[in-house]
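All remarks here apply to the structure that follows.
Readers should treat all values here as calculations from the given coordinates under stated rules, not as data from a laboratory. If you're wondering where the values come from, they're calculated on a predicted model, not measured in any experiment. As a convention, Cβ positions derive from the backbone with ideal geometry for all residues, glycine included, and neighbour counts pool all protein chains shown.
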Amino acid sequence: MKGEMMKKNKADVSMKTDNSIDPGAKAQTEQAAEVEMETKTVEPGADTVDRTTTECDKAGTAEKNIDLAEEIKKLAAENAKLTQKLAARDKEYVSLAAEYDNFRKRSKKEKENLYKDSVKDVAEAWLPLVDDLGRAVAAAEAMSEKVDKSVMDGIILIQKRAEQILASLKIKEINALGEKFDPNLHNAVMQTTDETKGEQEIVEVFQKGYTYDDRVIRHSVVKVAN
């Protein structure tokens, strides 16, 4: 009986000991559970932070896109202005180029006309001398027996040289003898009737006429038949 009582006391002591330890273990268990719960609680917070960060990034990107669109719009407007200015400058350049080209052509034409007028003036001053040489040759030929041959040859040589100078200036003699009268080229001072000649045929030339560059320097002075 006494032994059973001792066993019971030991069991009670053991149970008391176990009960004294259980609260600590229980506390540790509860602490671990709380840590686990905190961990679980933190994880959803991290997701929220990520979502918030993503939303902020999206908002920042949208704002940047708006700024970029405004910048593009501004650049497009500036480009349009520059394009308009460039078109105006191109138009101005084309106008100036055309004006310069017209000026160049006009100046060239004026120089050509000035040269032609100068040649015409020289020819008009030179032709009387040519006429005199022609008359001298005709007179020498008419008196060939009385005129020294060397003198005759000298006059003819001078006449040919004068004609060569006219040719070098592109001054041409107007065809007259045997041609039909043309008031644009000939000046009729006499008229005769000759059945052997054609109507308004030139039968005699009193003075030679000349042209330069299709312009009459001097009309031929002629006698016309019929």
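The table below gives the values:
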item: Single match in PHE206, PHE181 (criterion: without any contact (Cβ under 8 Å) to a residue 60 or more places away in the chain, within 60 Å of the chain's Cα centre (by Cα) and surrounded by 17 or more Cβ atoms within 10 Å (Cβ to Cβ)); result: PHE181
item: Any hit, region 110-119, residues being more than 30 Å from LEU169 (Cβ to Cβ) and of a type in the set (Val, Ile, Thr); result: no
item: Strands (runs of 3 or more DSSP E) enclosed by region 149-226 - at least 3 residues per element that are over 14 Å from TRP126 (Cβ atoms); result: 186-192, 201-207, 220-225
item: Filtered residues of region 110-125 (kept if among the aliphatic types (A, V, I, L, M) and surrounded by 11 or more Cβ atoms within 10 Å (Cβ to Cβ)); result: VAL119, VAL122, ALA123
item: Per-region count, region 95-148, residues charged (D, E, K, R) and not in a helix (DSSP H, G or I); result: 3
item: Hits in region 126-157 - residues which are within 60 Å of the chain's Cα centre (by Cα) and free of Cβ contacts under 8 Å to residues at least 12 places away in the same chain; result: PRO128, ASP132, LEU157
item: Which listed residue, of THR211, THR196, is over 53 Å from the mean Cα position of the chain (by Cα) and among the polar types (S, T, N, Q); result: THR196
